[in-house]
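The values are calculated or read from the model by the stated rules, or taken from the named source; none is laboratory data. In this text, all values refer to a predicted model and were calculated from it rather than measured experimentally. With ideal geometry, Cβ positions are generated from the backbone for all residues, glycine too; neighbour counts draw on all protein chains shown. SASA here: full protein model, heavy atoms, side chains in, ligands and nucleic acids out. Shrake-Rupley method; radii C 1.70, N 1.55, O 1.52, S 1.80 Å.
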Amino acid sequence: MTYDPETATFLIAGPVRIHPRVLRAMSMPSLNHRGDYFHGVVAEIRELLPVLFGAKGHQVIVTGSGTAGLEAVYSCLVPKEGRTLVLTNGNFGDRTNTLAHRYSNNVTTLSAPWGQPVSIDSVNAELAKGDVKAVCLVHNETSVGLANDLQSLAPAIRASGSLFLVDGISAIAGLPFPIEAWGVDAVVAGSQKGLAAPAGLALVHLSDRAVAALHPGAFYLDLAAHLKSIEKNDTPWTPAVPLFLALREALLILKEEGLEHRLERTHRLAEASRAAVDVLGLELFPDRRHASDTVTAVKNPTGMGDPEFRKVLERQYNILLQGGQAALAGKIFRIGHMGIADWPDLLVTFAAIERILGKAGTLPKPGAALREIVDRMP
Ligand code: PLP
């Protein structure tokens, strides 16, 4: 078998597999993006966005990938006066740090080794020093398969009075994320992750406080301009019309499934993946207590780099997993099990991994990984 994108088992950490309904939704003739039909599409999307965020609020759609949403938030909300605190423990946290430095001259960065949690005491200590006007962090660090503990971090951030700005790109519709209870001011979701729409749109949720604090940011990504337009079911610039059609359908599918149900399935798939990894004699990359439910990151089997492992999965078994980023390239592999990923995807994937390890003579117990998955199926 060779890799076939039409039939592959597709479990990279986003973009994720897309439902055929969503693919079909994009196949429409050109629409007038200033016409009534398209305004109706935007109106429906606005009705549906609270299903995605699990909260009502000021919500806009930015044409551009997740990073466009992040740049919109940081350019319009990272304060010009006072300190900005950034937490990082992976590649996307490092990118947040780069972005924050682009828009502030007064950034304090708290780093932990990739895959390890940032110490909550150190965050509290920085906040206690005062003058922190914004805290920026990644909820789910996709690069290392780690979920940062927002539940524990939120109270002190909230109490400090600073803006709480979150990269939720691989967390939204994948991890429990009570935006309002945690007092988060801005959250960015990416269309290509838990929502299972194509890549190319960023969805941004803002609190009242955030809206009041907006200042002019990057011109194309100016959030005030986006908010003003969406009030009229419009967009400031020419939007990616087919992606909006896909977004509407993906949101409808999420509504039909229910956010709670999607979170529950994602969690169970993650638990099954971790249990299967254990019995294969493999090791999770991140601190296990903080392992993500949307992405499982695993150290490569001993003696196998990407050519011996991930590329065999792709070329021989038509299964796509993701590799490591930056210094982790060739050292870890990542299984994305968010969006519409389901049990058959895991069964096929772990069956092939068992076969590869079996051929290498390093499979502890044939069938054990599949047993772990089957026993957790509903
Ligand atoms: N932040 C996180 C947590 C991500 O997972 C990603 C992409 O995987 C990004 C930011 C960047 O998003 P994009 O590639 O859609 O611009």
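Please work out which residue is nearest to the chain's Cα centre (by Cα), limiting yourself to the stretch 131-144 and to residues that are more than 30 Å from GLN322 (Cβ to Cβ) and open to solvent by less than 50 Å² (accessible area, probe 1.4 Å).
That would be ALA134.
Which is more than 13 Å from the ligand (Cβ to nearest atom) and open to solvent by less than 20 Å² (accessible area, probe 1.4 Å), of ALA189, ALA156, ALA181, ALA210?
Of ALA189, ALA156, ALA181, ALA210, the one residue that is more than 13 Å from the ligand (Cβ to nearest atom) and open to solvent by less than 20 Å² (accessible area, probe 1.4 Å) is ALA210.
Can you pull out the strands (runs of 3 or more DSSP E) entirely within the stretch 160-215 that have at least 2 residues that are among the aliphatic types (A, V, I, L, M) and closer than 19 Å to ARG46 by Cα?
Fully inside the stretch 160-215 and qualifying: 186-190, 201-206.
From the list ALA68, ALA72, which residue is open to solvent by 10 Å² or more (accessible area, probe 1.4 Å), within 16 Å of the ligand (Cβ to nearest atom) and within 18 Å of the chain's Cα centre (by Cα)?
Answer to the check: ALA68.
Quick check on the stretch 265-273. Is at least one of its residues closer than 20 Å to VAL295 by Cα, open to solvent by 10 Å² or more (accessible area, probe 1.4 Å) and under 17 Å from the mean Cα position of the chain (by Cα)?
yes
Could you tell me which residue of the stretch 80-104 is farthest from the ligand (Cβ to nearest atom), considering only residues that are open to solvent by 20 Å² or more (accessible area, probe 1.4 Å) and over 21 Å from the mean Cα position of the chain (by Cα)?
Checking each candidate, the answer is GLU81.
Which one of these is open to solvent by 30 Å² or more (accessible area, probe 1.4 Å) and either modelled with pLDDT of 95 or more or in contact with a helix residue (DSSP H, G or I) (Cβ under 8 Å, 6 or more places away or on another chain) (or both): ALA128, ALA147?
The unique qualifying residue is ALA128.
Residues of the stretch 81-102 being in contact (Cβ under 8 Å) with a residue 40 or more places away in the chain, in contact with a helix residue (DSSP H, G or I) (Cβ under 8 Å, 6 or more places away or on another chain) and closer than 24 Å to ALA128 by Cα, which ones?
THR84, LEU85, VAL86, LEU87, THR88, THR96, listed by residue number.
Are any residues in the stretch 121-133 hydrophobic (A, V, I, L, M, F, W, C), touching a residue at least 24 places away in the same chain (Cβ under 8 Å) and closer than 12 Å to ALA159 by Cα, and if so, which ones?
LEU127, VAL132
Scan the stretch 349-378 for residues that are among the β-branched types (Val, Ile, Thr) and open to solvent by less than 70 Å² (accessible area, probe 1.4 Å) and jot them down.
Listed by number, the residues that qualify are THR349, ILE353, ILE356, ILE373, VAL374.
For VAL42, which of the numbered conditions (1) of a type outside the set (D, E, K, R); (2) farther than 20 Å from PRO236 by Cβ; (3) surrounded by 20 or more Cβ atoms within 10 Å (Cβ to Cβ) fails to hold?
It is condition (2) that VAL42 fails.
Report yes if some residue within the stretch 214-224 is in contact with a Phe, Trp or Tyr (Cβ under 7 Å, 6 or more places away or on another chain) and surrounded by fewer than 18 Cβ atoms within 10 Å (Cβ to Cβ); otherwise report no.
For the stretch 214-224, residues in contact with a Phe, Trp or Tyr (Cβ under 7 Å, 6 or more places away or on another chain) and surrounded by fewer than 18 Cβ atoms within 10 Å (Cβ to Cβ): present.
If THR235 meets every condition in (1) open to solvent by less than 30 Å² (accessible area, probe 1.4 Å); (2) in a loop (DSSP other than H, G, I, E, B); (3) within 16 Å of the ligand (Cβ to nearest atom) apart from one, which number is that one?
(3)
Closer than 18 Å to VAL51 by Cβ, modelled with pLDDT of 95 or more, outside any helix (DSSP H, G or I) and not polar (S, T, N, Q) - does that describe any residue in the stretch 258-281?
Yes, some residue in the stretch 258-281 is closer than 18 Å to VAL51 by Cβ, modelled with pLDDT of 95 or more, outside any helix (DSSP H, G or I) and not polar (S, T, N, Q).
Please pick out the residue among LEU52, LEU77 that is more than 16 Å from the ligand (Cβ to nearest atom) and crowded, with 20+ Cβ neighbours inside 10 Å.
Exactly one of LEU52, LEU77 is more than 16 Å from the ligand (Cβ to nearest atom) and crowded, with 20+ Cβ neighbours inside 10 Å, namely LEU77.
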